[in-house]
Amino acid sequence: MGSPWLILPTYNEAENIERILRAADAVLADAAPESHRILVVDDSSPDGTGEIADALAGELGTVEVLHRTQRQGLGPAYLAGFAYALGRDASHVMEMDSDFSHDPADLARLLAAVREGADLALGSRYVPGGGVTDWGLLRQFVSRGGSWYARVVLGLKVRDLTGGFKCFRREVLEAIDLDHVSAQGYAFQVELTYRAIQMGFRVKEVPIVFADRRVGQSKMTRRIVMEAALMVPLLRLGPRARRPAAPAGGAPAELQGKQSRRV
Ligand SMILES: Nc1nc2c(ncn2[C@@H]2O[C@H](COP(=O)(O)OP(=O)(O)OP(=O)(O)O)[C@@H](O)[C@H]2O)c(=O)[nH]1
Ligand SMILES: [Mg+2]
C-alpha cells in the first residue's frame with residue numbers, strides 16, 4: 001500500500017514553515033486518511049527554519065526533517081528528499097514550495113489525478129482554470145517564456161514545465177535515473193518532467209492558481225534562469241532514456257487535459 005509523502009524544501013522559511021506544515025498536514029490527513037508523511041528538507045537555514053520544523057515534527061507525528069549541512073539549491077534538496085521517501089514506504093511523492101505560492105488544498109487534487117490514472121500530475125498555471133496572481137509583467141514573461149521555450153525545444157505538449165507543484169507515482173521516480181539529474185533550479189523541474197515523458201509515463205496537468213509569496217525572500221536568481229536556458233537544449237541532445245518495461249494497462253500516453261497521445 002504505502003503512504004503519500006510530501007517533500008517540502010526550505011531555505012529561510014521561518015515565517016512560513018509552521019503554517020504550511022499545519023495546512024499541508026490537514027489536507028493530507030483528509031486526502032489520505034490511512035497514512036501520510038511530510039518531509040522537510042532544510043539546508044541549515046540561518047533563520048532557524050529547521051528548528052521550527054523539528055518542534056512541529058515532535059508535535060504532529062507525521063512530519064520528519066532532513067537537515068542538510070550546506071545550501072546546495074532546490075534540485076539537490078529534492079533529490080535527497082526523494083531518496084529518503086523512496087527508502088521508506090512512499091507510494092506517491094509530492095513536491096510543493098513552502099512559501100504558500102502553491103495552495104496546500106491543491107495537494108488533494110494532484111493526488112486524486114494520480115490515483116485516477118496519471119503517473120505524474122503537474123500543478124499547471126497555463127491550462128484553462130489555472131493562473132497567476134500578483135505577478136508583474138516581467139515575471140509573467142519570464143515564466144511563460146520559459147515554459148514556451150522548453151516546450152518547443154523539447155517537443156512536448158505540456159503547458160507548464162517549470163512549476164514545482166507535482167505528484168509522482170513512486171514508480172516514476174524509481175525509473176528515472178536520479179543520479180544523473182543534475183539541474184538545480186527551474187531546469188530541475190523541466191528535467192524530471194521531460195524524463196518521465198521520455199519513458200512513456202502519463203503526465204496530467206491539473207490547473208492551479210499560483211500566488212506570489214507574502215512573506216520571506218525569493219531565491220530566484222539570474223543564475224537559475226540562465227541554468228534553465230542552457231540545460232533545456234542539453235536535455236534534448238542527451239541520450240534518450242527508456243523504460244525497462246511497458247506499464248500495466250496498455251500503451252503509455254501523455255495526457256493533456258482530455259486529449260491523450262502516444263509519446
Ligand atoms: N532546501 C532548500 N530549499 C530551497 C533552496 N532554494 C529554494 N528553496 C525552497 O524552494 C522553494 C521555492 O523557492 P522560492 O524562493 O520560493 O523560489 P521561487 O518560487 O523560484 O521564487 P519566488 O516565486 O520569488 O518565490 C521554497 O520553499 C524555498 O524555501 C535551497 O537551496 N535548498
Ligand atoms: Mg516561491
Residue satisfying all of: in region 82-102; within 16 Å of ligand 1 (Cβ to nearest atom) and out of contact with any strand residue (DSSP E or B) (no Cβ under 7 Å at 6 or more places or on another chain); nearest to F188 (Cα to Cα) among these: D97
Lone unmet requirement of (1) away from ligand 1 (no atom under 14 Å from the Cβ); (2) touching a strand residue (DSSP E or B) at 6+ places or on another chain (Cβ under 8 Å); (3) without any contact (Cβ under 8 Å) to a residue 24 or more places away in the chain for R151: (2)
Any chance S101 is open to solvent by less than 30 Å² (accessible area, probe 1.4 Å) and assigned to a loop (DSSP other than H, G, I, E, B): yes
Extreme residue, least open to solvent (accessible area, probe 1.4 Å), among residues of region 190-239 that are over 18 Å from the mean Cα position of the chain (by Cα) and small (G, A, S): G200
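Looking at region 107-137, which of the residues that are within 15 Å of ligand 2 (Cβ to nearest atom) and not small (G, A, S) is nearest to L28 (Cα to Cα)?
R125
Restricting to region 127-144, give me the number of residues that are open to solvent by less than 30 Å² (accessible area, probe 1.4 Å) and not hydrophobic (A, V, I, L, M, F, W, C).
So the count comes out to 3.
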Whichever residue in region 176-189 is open to solvent by 30 Å² or more (accessible area, probe 1.4 Å) and assigned to a helix (DSSP H, G or I) and, among such residues, is nearest to ligand 2 (Cβ to nearest atom): Y186
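The values are calculated or read from the model by the stated rules, or taken from the named source; none is laboratory data. What you are looking at is a predicted structure, and each value in this text was computed from that prediction instead of being measured. Glycine gets a Cβ as well: all are built from the backbone with ideal geometry, and neighbour counts include every protein chain shown. Areas reflect the complete protein model, heavy atoms only, side chains present, ligands, DNA and RNA absent. Shrake-Rupley method; radii C 1.70, N 1.55, O 1.52, S 1.80 Å.
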